[in-house]
Amino acid sequence: MRIFDAHCDTVFRMWEEPHLSFKDSTDLHVTWDGLKNADARVQCFAIYIPENVRPESKFDVALEMIDIFYRDILQRFPKMKLVTSKRDMLHLKEDEVGAILTLEGCDAIGNSLERLRTLFRLGVSSVGLTWNYANAVADGILEERGAGLSSFGKQVVLENNDHFIWTDVSHLSEKGFWEVLDIGRYVIASHSNCKKICHNPRNLTDEQIKALIEKDAAMGVTFVPQFLSNNPECNISDVIRHIDHICSLGGIDHIGFGSDFDGITKTVSGLSRYEDYASLVNTLLKYYSNTEVEGFLYGNFFKRFPK
């Protein structure tokens, strides 16, 4: 079955450790060999600027990561194709994998819409407004004051709307979440789980999940252990529990996956690399129909891609 994974931090890891090879490095969760062997169809690659980068350097670091994406992934692996529309995805050949460039947190753009539009021109198709803390756009979920969107942040969401770009609410403060749902046209949660199952601040409440469903948005269940379970160890059954819960809220046609591979050090037992998607698929097919599993793995994110 084809896979559309809405979030990984592989480009960040390759920026952080330039010796890593995208082909088959054992220190990466997502590699070309892994994608090829696991029936990957579309992989989203995030630009994530770490907190220790000076504000004046953040946009430059974003450009460095985009250069890695083009030079060390697309150029070196010609069957990995930049996709920016459904048409691009539909025209992928059987042996090709689509790559979507995303922004995780608007720290890189400061308070500049020109920088945002520049990133669109470089291929960014999804914009997460924050990481965990505050920037010029909004507060992240761990910012204690819990503010929502700034005036500039509302401009960013409207700019996303105008350019048919996803606005990603994962990591965003709860107040910001509700404000995005009010004004955002193309909304997703790329990598978030259910707070009812695991009470982590990064997870979404039932009210938020129902609102995403009503908005006809997709939600990527993520493989981050501390977002899956309150226990120190977790396995694929914990992933299934979150899927079951979203389904119970009416979200069976809104579930996808956003692994967060390469953004985590500890992994789910039996789901530690991209190749392990096969184990997840086999488990899903015990509980859900082929059509439902195809939706989880690919269709639900694909049909909501804005372009």
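Approximating the spin labels as points 7 Å out from Cα along Cα→Cβ, the Asp33-to-Asp206 distance works out to 4.6 nm. Only protein heavy atoms count here; under a 1.4 Å probe, Arg202 has an accessible surface of about 10 Å².
Going by accessible surface with a 1.4 Å probe and the largest first, Glu207, Glu104 read Glu207, Glu104.
Placing dummy labels 7 Å off each Cα toward the beta-carbon, the span from Ser21 to Ser289 is 4.5 nm.
Start at zero, step by 5 Å, and the Cα-Cα distances of the stretch 59-99 spread as 6, 24, 24, 19, 16, 7, 3, 0 percent across the bins. Centre-to-centre separation between the Cα atoms of the stretch 185-252 and those of the stretch 20-89: 25 Å.
Expressed per residue, the C-alpha convex hull volume of the stretch 1-109 stands at 98 Å³.
In Å, the Kirkwood hydrodynamic radius of the stretch 149-216 over pairs of distinct alpha carbons?
Values: mean 1/r = 0.0820 Å⁻¹.
Evaluated on the stretch 149-216, it is 12.2 Å.
Computed over protein heavy atoms with a 1.4 Å probe, the accessible surface of the chain works out to 41 Å² per residue.
What is the percent carbon and sulfur in the accessible area of the chain, measuring with a 1.4 Å probe over the protein chains and ignoring ligands?
Heavy-atom surface of the chain belonging to carbon and sulfur, 1.4 Å probe: 47 percent.
Where both residues lie in the stretch 107-233, what percent of DSSP beta bridges are antiparallel, nearest 5? Each step should come with its number before you reach the end.
Details: 2 of 10 bridges.
Rounded to the nearest five, the antiparallel share is 20 percent.
Please state the relative contact order of the chain as a whole percent: Cα pairs under 8 Å, 6+ residues apart? It rounds to 19 percent for the chain.
Report the rotationally averaged projected area of the stretch 48-170 based on its alpha-carbon convex hull, in square nanometres.
Working: hull surface 31.9 nm².
If you wrap the Cα atoms of the stretch 48-170 in a convex hull and average its projections, you get 8.0 nm².
Across all Cα pairs in the stretch 104-161, the calculated P(r) in 10 Å bins from zero up to the longest distance comes to 26, 56, 17, 1 percent per bin. In summary, the convex hull built on the alpha carbon positions of the stretch 1-40 has an orientation-averaged projected area of 2.7 nm². Using heavy atoms of the protein chains and a probe of 1.4 Å, the accessible area assigned to Lys195 is about 40 Å².
Take His29, His19 and sort them by solvent-accessible surface of the protein heavy atoms, 1.4 Å probe, largest at the top.
Details: His29 25, His19 135 Å².
My answer, sorted largest first, is His19, His29.
Working from Cα pairs under 8 Å separated by at least six residues, relative contact order for the stretch 40-100 is 46 percent.
Looking at the stretch 239-307, the pairs of alpha carbons with a distance over 15 Å make up 57% of the total.
If I take all pairs of Cα atoms in the chain, what percentage of them are more than 25 Å from each other?
43 percent
The values are calculated or read from the model by the stated rules, or taken from the named source; none is laboratory data. Bear in mind that the values here come from a model prediction, so they are computed numbers and not experimental data. In this analysis, Cβ positions are derived from the backbone assuming ideal geometry, glycine residues included, and neighbour counts consider all displayed protein chains. Surface areas here come from the heavy atoms of the whole protein model, side chains and all, with no ligands, DNA or RNA. Shrake-Rupley method; radii C 1.70, N 1.55, O 1.52, S 1.80 Å.
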